[in-house]
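Scroll down for the structure; my scribbles are underneath it.
Any read-out appearing in this document is the output of simple, stated calculations on the displayed coordinates, not a laboratory observation. Just so it is clear, the model here is predicted, and its values are computed rather than measured. Positions of Cβ are backbone-derived with ideal geometry, glycine not excepted, and every protein chain shown enters the neighbour counts.
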Amino acid sequence: MPDFKPLSDSVFASEQITLDAIAVAKTEGVTTIINNRPDGEDPSAPQSASIEAEALVAGMSYVSIPIGHSGFSEAQIDAMIEALQSAQGSVLAYCRSGTRSTFLWALASAKMGADPDAITRDAMAAGYDLSPIRPMMDMLAAR
């Protein structure tokens with residue numbers, strides 16, 4: 001069974017999902033899958049096109065916002081905001097471990113005006129430490 005960790009009432013983070021996990025996500029109310037993993041990072045894992053095809057067959061939306069090792073750009077944060085705001089239900093964001101997805105959700109949430117302390121508490125409750133990006137969250141929230 002996949003381990004979908006709740007970041008909020010409507011957003012979950014996960015490690016790399018399998019094609020079978022998409023059906024499980026649908027039963028959990030997920031309507032949008034956000035892939036934060038670049039294709040080729042793990043050639044043995046299902047790649048973007050496979051996940052997208054399975055999500056579409058399941059009647060779910062799919063968004064790809066790959067996050068590599070260079071960090072997070074403003075364009076990626078804005079793409080996450082757009083994906084979160086356009087979702088018609090719960091969202092499942094995944095990457096290798098769920099950390100990049102959680103970081104991107106946190107940065108997007110801060111830019112949308114959420115309290116960085118609350119974001120940090122929610123992420124910690126799901127098992128993710130936001131201390132590496134906390135200064136960036138504070139900067140985005142202060143805008």
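Amide H contacts of Ser97 (H built 1.01 Å from N, in plane; Pro and chain starts excluded): Gln16 sit under 5 Å, all sequence-distant by 5 or more or on other chains.
Summarising the label geometry, the points placed 7 Å from Cα in the beta-carbon direction at Asp115 and Arg143 lie 2.2 nm from one another.
On a 0 to 90° scale, report how tilted helix 74-86 is relative to the longest principal axis of the chain, with both axes built from alpha carbons and the result rounded to the nearest 10. Between helix and principal axis, roughly 60 degrees. Students often get this wrong: which residues of region 10-29 have the backbone nitrogen under 15 Å from the point 7 angstrom along Cα-to-C-beta of Ser97? From region 10-29, the list is 14-16.
3J(HN,Hα) along region 51-61, derived from phi through the Karplus expression 6.51 cos²θ - 1.76 cosθ + 1.60 where θ = phi - 60°, amounts to 5, 4, 4, 5, 5, 5, 4, 7, x, 10, 7 Hz, with x in place of Gly and Pro.
Under 5 Å from the amide H of Leu7 lie the amide H atoms of Phe12, Ala13, each residue being 5 or more positions distant or on a separate chain, with H modelled from the backbone and absent for Pro and chain starts. Under the simplified labelling scheme, the Thr18-Glu82 pair shows an inter-label distance of 3.3 nm, with each label point 7 Å from Cα along Cα→Cβ. Normalised by the number of residues in region 27-143, the mean separation of alpha-carbon contacts (under 8 Å, six or more apart) gives a relative contact order of 27 percent. Loop-located GluC sites (Glu not before Pro) across region 28-79 with a Cβ neighbour count of 15 or fewer within 10 Å are Glu28, Glu41, with loop assigned by DSSP. Backbone N atoms of region 89-126 closer than 16 Å to the 7 Å Cα→Cβ label point of Arg134 belong to residues 103, 106-107, 110, 115-126. With neighbours defined as other Cβ atoms within 10 Å of a residue's Cβ, the residues Val57, Val63 order from fewest to most as Val57, Val63. Taken about its Cα centre, the chain carries a charge dipole of roughly 160 debye when the Cβ of each Lys and Arg holds +1 and the Cβ of each Asp and Glu holds -1.
Ranking of Asp122, Asp20 by neighbouring Cβ atoms within 10 Å, starting from the fewest: Asp20, Asp122.
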